[in-house]
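Visitor: My structure is below; once you've seen it, I'll send some questions.
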């Protein structure tokens, strides 16, 4: 079976292979790939925000191929219904007896990696069908509960430009996402490489690096990783510092309406553990917590009018808070 130390070394080698496979198709996006892998092995979900054309679908599909996982993409539209995601019951007639019975037809949610494209384009009723599956890893239809196959990883996307006709996710639902990742435009050199490779006859073959059994094993390994008390304390202090009622910081009181809840502390530690394991280290340090602070806290802090008026972003607020904690 191997010791946990040997398994961490195995995970580290596997991560290098996965990145090598992704590099056959994806140009740049190094930080985004790192954060996606941290979330996957921590057993969380991601909210990915970026303008169209930044290869979000291609990235997730290629990742699923390198991990030998089933991938489904769901395009969220205003007329999408909950049953279109989770599945519906259909009436079938038994040709032998003539008796009519109901049969459940699974929806696209029954996959290992789900790309929920433009989740804010569909009404809250349909959003909740996906969010329930994210939280419970199961789907209920006509009183029957169906377990989703593990591992189960949801990557939801939002377009930051078009807001007309959208249904923004409430803060309570945003909290279900472990990471909020912002995708940047590629550099000049990267964009030239992208155009060259995508306008030529180039069809790379993606090799499968890990099976789903191995991924589940590594997710359990991340949970077992020990964390020093000072690292744990730093993560909790960091989250409590974001709450105006829990801090004496004038900066926080001036620019934040609502701070992050306890789930943020949990995800800071899980993210730090996963980041350390992926790097081949047996325990995370305070720097690991700092590195995951932005994607964990970005969608859990509600900045107020003062911040907007002075053009202070949530990222600026998080940077200030991280540098203020000792």
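The values are calculated or read from the model by the stated rules, or taken from the named source; none is laboratory data. Predicted model only: the values in this text are computed from it and were never measured. Don't worry about glycine lacking a Cβ; one is built from the backbone with ideal geometry, like all the others, and counts go over all protein chains shown.
Visitor: Could you please let me know if residue 154 is in contact with a helix residue (DSSP H, G or I) (Cβ under 6 Å, 6 or more places away or on another chain), part of a loop (DSSP other than H, G, I, E, B) and touching a residue at least 40 places away in the same chain (Cβ under 8 Å)?
Guide: no
Visitor: So which residues in the range 43-97 are in a helix (DSSP H, G or I), within 25 Å of residue 136 (Cβ to Cβ) and touching a helix residue (DSSP H, G or I) at 6+ places or on another chain (Cβ under 7 Å), if there are any at all?
Guide: 63, 82, 85, 86, listed by residue number.
Visitor: Here's a follow-up. For the range 98-112, how many residues meet the condition of being farther than 22 Å from residue 132 by Cβ and outside any strand (DSSP E or B)?
Guide: 2
Visitor: Hey, residue 160 hits all of (1) surrounded by 15 or more Cβ atoms within 10 Å (Cβ to Cβ); (2) closer than 22 Å to residue 80 by Cα; (3) touching a residue at least 60 places away in the same chain (Cβ under 8 Å) but one; which does it fall short on?
Guide: (1)
Visitor: With respect to residue 131, is the statement that it is in contact with a helix residue (DSSP H, G or I) (Cβ under 6 Å, 6 or more places away or on another chain) and in a strand (DSSP E or B) true?
Guide: no
Visitor: List the helices (runs of 4 or more DSSP H) that sit entirely inside the range 188-282 and contain at least 3 residues that are closer than 27 Å to residue 15 by Cα and either under 20 Å from the mean Cα position of the chain (by Cα) or modelled with pLDDT of 95 or more (or both).
Guide: 212-224, 229-241, 262-278
Visitor: All but one of (1) in contact (Cβ under 8 Å) with a residue 60 or more places away in the chain; (2) surrounded by 15 or more Cβ atoms within 10 Å (Cβ to Cβ) hold for residue 130; which doesn't?
Guide: Single failed check for residue 130: (1).
Visitor: So in the range 98-108, with the set limited to residues that are surrounded by 10 or more Cβ atoms within 10 Å (Cβ to Cβ) and within 18 Å of residue 139 (Cα to Cα), which one is modelled with the lowest pLDDT?
Guide: Filtering the range 98-108 for residues that are surrounded by 10 or more Cβ atoms within 10 Å (Cβ to Cβ) and within 18 Å of residue 139 (Cα to Cα), the one modelled with the lowest pLDDT comes out as 102.
Visitor: Sticking with this structure for a sec: Among the residues of the range 62-80, is there at least one that is touching a strand residue (DSSP E or B) at 6+ places or on another chain (Cβ under 8 Å) and exposed (fewer than 12 other Cβ atoms within 10 Å of the Cβ)?
Guide: no
Visitor: Looking only at the range 174-190, decide whether some residue is surrounded by fewer than 18 Cβ atoms within 10 Å (Cβ to Cβ) and touching a strand residue (DSSP E or B) at 6+ places or on another chain (Cβ under 9 Å).
Guide: yes
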